[in-house]
Amino acid sequence: MNEEIDRWIKYMKENPNTWREIHNKFIDAQFIKAHEFAQKILKESNGKEKLMKIYNIKNKNAFSVLHNP
Amino acid sequence: MRGTSERNILDQFCIDFCNIVEAHCNYIIVSGFVAISSGRTRATEDIDMIIEKLSIEKYKKLHEDLIQAGFICVQDDLVEEIYSYLIDNTSVRYIKNNNPLPEMEIKFVKDKLDEFQIQTRIKLPLTGLDVWFSSINMNIAFKEEYLKSEKDLKDAVHLRKVYPELVNEHEINNIKKLIKELKL
């Protein structure tokens, strides 16, 4: 059940100078994708409203910068 | 297994937020980000933070500093409204520079266990982050006894294996007893 955790921790221990770089790329990828997705949605008609629903945003001032870059 | 000084997006977001909160009150980062910043490879949309209960005047100052730094509360702009959520033990979420993710989800201390978490907060050199976390034993106990999802149980396994020197079974069991008394 936890083989992937064991494998990764073994890698961390054996590669103390490089695991963080791989980990950072992994973590960053989801936010880069989410940002690209948000930009695409904002180009659609009612894009801002759609994005607010997707991310459960109630504050109407959110996304003002993304909306008018 | 030392970390490096290089930051990912989540790390930088956390540092920026914590630097502001630090000037106003005691806080702790809890749950998923404790495991993720300690090397766990899984996705997350938010970082969970517990802060001391503040008066509305003090919270206003904190909120103003957050706004000044580019954060925005996704529930509301009106600080009185945001404060009412917190007083009702509902978390509020902040994003930065109008990026929908990541979010910082904050809530006030609501019981003795939360207070104890703040009293026993620690820094974790492996993360490379100069921010306060709830203790490893506390996180393991919450994930195994209270949260219990597959993701949380795997977070606990990861923390146990990355920080064997910090794991104290007696303490974890005592915290689990407190969780049963106060949270379940």
Check: In segment A:11-19, is there at least one residue being farther than 13 Å from B:ASN98 by Cα and either under 21 Å from the mean Cα position of the chain (by Cα) or among the small types (Gly, Ala, Ser) (or both)?
Finding: yes
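Based on this model, can you work out whether B:LEU124 counts as more than 12 Å from every other protein chain (Cβ to nearest Cβ) and farther than 30 Å from A:LYS10 by Cβ? Talk me through it step by step, then tell me what you get.
Working: more than 12 Å from every other protein chain (Cβ to nearest Cβ): yes; farther than 30 Å from A:LYS10 by Cβ: no.
Against the criterion (more than 12 Å from every other protein chain (Cβ to nearest Cβ) and farther than 30 Å from A:LYS10 by Cβ), B:LEU124 does not qualify.
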Next item on the list: Among the residues of segment B:112-134, count how many are over 22 Å from B:ARG40 (Cα atoms), exposed (fewer than 15 other Cβ atoms within 10 Å of the Cβ) and in contact (Cβ under 8 Å) with a residue 60 or more places away in the chain.
Entry: 1
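What do you reckon, is B:SER55 modelled with pLDDT of 95 or more and within 10 Å of chain A (Cβ to nearest Cβ)?
Working: modelled with pLDDT of 95 or more: yes; within 10 Å of chain A (Cβ to nearest Cβ): no.
Spelling it out, it is not the case that B:SER55 is modelled with pLDDT of 95 or more and within 10 Å of chain A (Cβ to nearest Cβ).
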Next item on the list: Search segment B:158-181 for residues that are without any contact (Cβ under 8 Å) to a residue 12 or more places away in the chain and in a helix (DSSP H, G or I) and pair each with any residue that is of a type in the set (Val, Ile, Thr) and buried (at least 17 other Cβ atoms within 10 Å of the Cβ) when their beta-carbon atoms are under 7 Å apart and the residues are at least 6 apart or on different chains.
Entry: B:LYS161/A:ILE5; B:LYS161/A:ILE9
Check: Does segment A:50-65 hold any residues that are under 16 Å from the mean Cα position of the chain (by Cα), at the interface with chain B (Cβ under 7 Å from one of its Cβ atoms) and either surrounded by fewer than 16 Cβ atoms within 10 Å (Cβ to Cβ) or part of a helix (DSSP H, G or I) (or both), and which are they?
Finding: A:LEU51
Margin query: If I go through segment A:1-49 residue by residue, how many of them are facing chain B (nearest Cβ under 9 Å), touching a residue at least 12 places away in the same chain (Cβ under 8 Å) and of a type in the set (S, T, N, Q)?
Written below: 0
Next item on the list: Return yes when B:ASP48 is buried (at least 19 other Cβ atoms within 10 Å of the Cβ) and more than 14 Å from every other protein chain (Cβ to nearest Cβ) and no when it is not.
Entry: yes
Margin query: Suppose we filter segment B:1-44 for residues that are surrounded by fewer than 19 Cβ atoms within 10 Å (Cβ to Cβ), more than 8 Å from chain A (Cβ to nearest Cβ) and part of a loop (DSSP other than H, G, I, E, B); how many remain?
Written below: 6
Next item on the list: Give me the pairs, please: first residue somewhere in segment B:56-80 and among the basic types (Lys, Arg), second residue anywhere and assigned to a helix (DSSP H, G or I), beta-carbon distance under 7 Å, and either six or more positions apart or on two chains.
Entry: B:LYS60/B:VAL79
Checklist line | Given (1) part of a strand (DSSP E or B); (2) farther than 27 Å from B:LEU182 by Cβ, index of the condition B:ILE47 fails | finding: (2)
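The values are calculated or read from the model by the stated rules, or taken from the named source; none is laboratory data. Just so it is clear, the model here is predicted, and its values are computed rather than measured. All Cβ positions, glycine included, derive from the backbone under ideal geometry; neighbour counts span all protein chains shown.
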